[in-house]
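Trainee: One structure, pasted below without further comment.
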């Protein structure tokens with residue numbers, strides 16, 4: 001029975017736990033799929049490479065606003081796809097090859113199933129370890145729709161690797177994956193329909209941001225709100241590329257050549273029968289940890305999407321760094337800091353946010369100040385002819401500390417970062433606004449002007 005000092009389940013952010021400081025340990029990694037995890041292979045990296053391509057195409061399509069005679073014809077999808085994955089796939093392969101080349105690392109290419117305390121089955125081999133790190137990520141949540149299990153629908157796992165650009169793509173869902181993929185495929189020339197059960201896109205975002213984004217998408221794609229799919233079927237045997245027929249709750253129907261299901265993601269802990277290892281989960285299936293990333297089972301830690309509902313790569317990376325330290329220094333353990341966790345949505349317009357929304361503060365009964373400034377009120381906003389974007393800041397009226405920041409528009413994720421830095425440093429909104437010179441005429445003036453309005 002193989003035994004290791006450390007066993008890591010997952011080759012995404014979990015892979016980054018291992019450093020030179022662990023060279024004296026016997027380590028194992030179990031990863032049945034591509035190294036690099038969701039972000040590298042089917043998430044953040046390929047999707048943002050597609051987003052940027054769609055941004056360029058959309059800019060060319062709208063060049064007339066700036067007096068340019070630019071156009072963007074239907075994209076060369078195979079060339080776009082191959083440019084992306086011919087760069088990404090070798091990185092995943094190299095990551096695997098590197099780990100396999102290390103004398104103190106064993107790589108198991110099998111899914112894991114717990115059979116007891118710090119004991120897992122890996123492809124029929126029982127493996128034990130002194131320490132185990134769960135970093136096995138999450139998977140697409142597939143809704144219950146009549147006929148869905150009989151058709152070849154797509155998810156975020158494979159939609160970016162399809163062979164041809166869809167003529168008509170139907171997306172079921174209204175979260176960040178739906179928003180980003182709608183931008184990508186509409187930008188590159190597909191007709192896109194979003195079917196979403198809610199009245200606004202992007203549940204959980206600030207209400208003003210949701211209204212802005214929903215209005216923008218209603219002007220770009222066929223947006224079916226307050227609508228669900230009652231039944232779906234494929235006209236023949238279900239092979240790829242044949243038309244889908246959808247019956248909607250409002251009595252209408254849709255026909256499309258691709259169907260993307262983007263209705264959320266769920267943690268993978270159940271696939272590894274982690275309850276057999278004494279590892280507790282919450283009512284949504286996420287592994288429960290303390291602030292040092294320890295689970296309920298002795299000697300077992302967890303990080304990333306299997307434990308963190310926000311499912312962000314930057315949080316998983318921070319957790320991996322913390323776990324790496326705590327594994328080596330159990331008497332000097334560090335705690336995770338989740339006071340300021342930003343997130344972004346790379347649709348069109350883009351969104352960058354940190355902290356509570358206005359509705360969060362209202363529901364909590366907390367007093368706050370709010371200020372909003374439009375891109376169009378700044379010099380660079382004029383240059384871009386942006387008429388929809390804005391920054392919205394929420395501050396404590398007594399301490400003058402920034403509570404939340406929500407920006408929607410060009411480069412919003414970049415603009416919000418300087419506010420995050422100020423929040424971490426404990427600066428008041430007055431110190432952020434007056435304690436530095438803001439370059440004119442540059443896009444960050446949007447942030448400066450909003451801070452001054454507080």
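What follows draws every value from the coordinates through simple rules; no lab data is involved. Computed from a predicted structure; not experimentally measured. Positions of Cβ are backbone-derived with ideal geometry, glycine not excepted, and every protein chain shown enters the neighbour counts.
Trainee: Return the calculated 222 nm mean residue ellipticity for the chain, to the nearest 500 deg cm²/dmol, obtained by summing -39500 (n - 2.57) across DSSP H runs with n ≥ 4 and dividing by the residue count.
Mentor: -9000 deg cm²/dmol
Trainee: Follow-up question, since we're still on this one. Along Cα→Cβ, 7 Å out, is where each label goes; now give me the distance between the ones at residue 329 and residue 233 in nm to one decimal.
Mentor: The answer from the label model is 6.4 nm.
Trainee: Rank-order 267-275, 331-339, 37-45 by packing density, defined as the average count of other C-beta atoms within 10 Å over each peptide's residues, highest first.
Mentor: Values: 267-275: 20.0, 331-339: 11.6, 37-45: 21.9.
Order by mean packing, descending: 37-45, 267-275, 331-339.
Trainee: Once the Cβ-Cβ distance between residue 215 and residue 93 is put in as r, and R0 is 41 Å, what FRET efficiency do you end up with, to the nearest 0.05?
Mentor: 0.40
Trainee: What's the center-to-center distance, using Cα atoms, between segment 379-450 and segment 136-212 in Å?
Mentor: So the separation of the two Cα centres works out to 30 Å.
Trainee: Same structure again: Once the piece of chain linking residue 442 and residue 68 is laid out straight, how much longer is it, given 0.36 nm per residue of separation minus the C-alpha distance between them? Show your work: numbers first, answer last.
Mentor: Values: separation 374, 0.36 × 374 = 134.64 nm, distance 2.23 nm.
Taking residue 442 through residue 68 to full extension adds about 132.4 nm, to one decimal.
Trainee: Peptides 89-95, 169-175: what's the order by average Cβ count within 10 Å, highest mean first?
Mentor: Listed from highest to lowest mean packing, they are 169-175, 89-95.
Trainee: By how many nm would the segment from residue 273 to residue 157 lengthen if fully extended, with 0.36 nm per residue of separation less the alpha-carbon distance? All intermediate terms of the calculation are to be shown ahead of the outcome.
Mentor: Working: separation 116, 0.36 × 116 = 41.76 nm, distance 2.26 nm.
Stretched fully, the residue 273-residue 157 segment lengthens by 39.5 nm.
Trainee: Sticking with this structure for a sec: Can you order the peptides 350-360, 109-119 by their average number of other Cβ atoms within 10 Å per residue, highest first? Before the final figure, lay out each step's value.
Mentor: Details: 350-360: 20.8, 109-119: 17.4.
The packing order, highest mean first, is 350-360, 109-119.
Trainee: Run the Debye formula on the Cα coordinates of segment 1-126, all scatterers equal and no solvent, and tell me log10 I(q)/I(0) at q = 0.14, 0.19, 0.22 1/Å.
Mentor: -0.71, -1.03, -1.23
Trainee: Take the alpha-carbon centre of segment 297-324, take the same for segment 87-110, and report the distance between them in whole Å.
Mentor: A separation of 21 Å, based on Cα centres.
Trainee: Sort 296, 47 by Cβ crowding within 10 Å, fewest neighbours at the top.
Mentor: Ordered from fewest to most neighbouring Cβ atoms within 10 Å, 296, 47 come out as 296, 47.
Trainee: Something else about it: Taking 35 Å as R0, compute the FRET efficiency from the Cβ-Cβ separation of residue 146 and residue 284 and round it to 0.05.
Mentor: 0.90
Trainee: Moving on. Calculate the spin-label point distance for residue 337 paired with residue 125, positioning each point 7 Å from the Cα along the beta-carbon direction, and give it in nanometres.
Mentor: It works out to 4.1 nm between the two label points.
Trainee: Related question: Mind sorting out which of [x] 24.0; [y] 22.9; [z] 24.5 is the real Kirkwood radius over Cα pairs in Å computed from the coordinates?
Mentor: Among [x] 24.0; [y] 22.9; [z] 24.5, the one derived from this structure is [x].
Trainee: Nearest 5 percent is fine: what portion of the DSSP beta bridges confined to the chain is antiparallel?
Mentor: Antiparallel: roughly 60 percent of the beta bridges in the chain.
Trainee: Please compute the contact order of the chain in relative form: average sequence separation of alpha-carbon pairs under 8 Å and at least six residues apart, divided by the residue count, as a percent.
Mentor: 14 percent
Trainee: Order these by the 10 Å Cβ neighbour count, fewest first: 301, 77.
Mentor: In order of increasing Cβ crowding within 10 Å: 77, 301.
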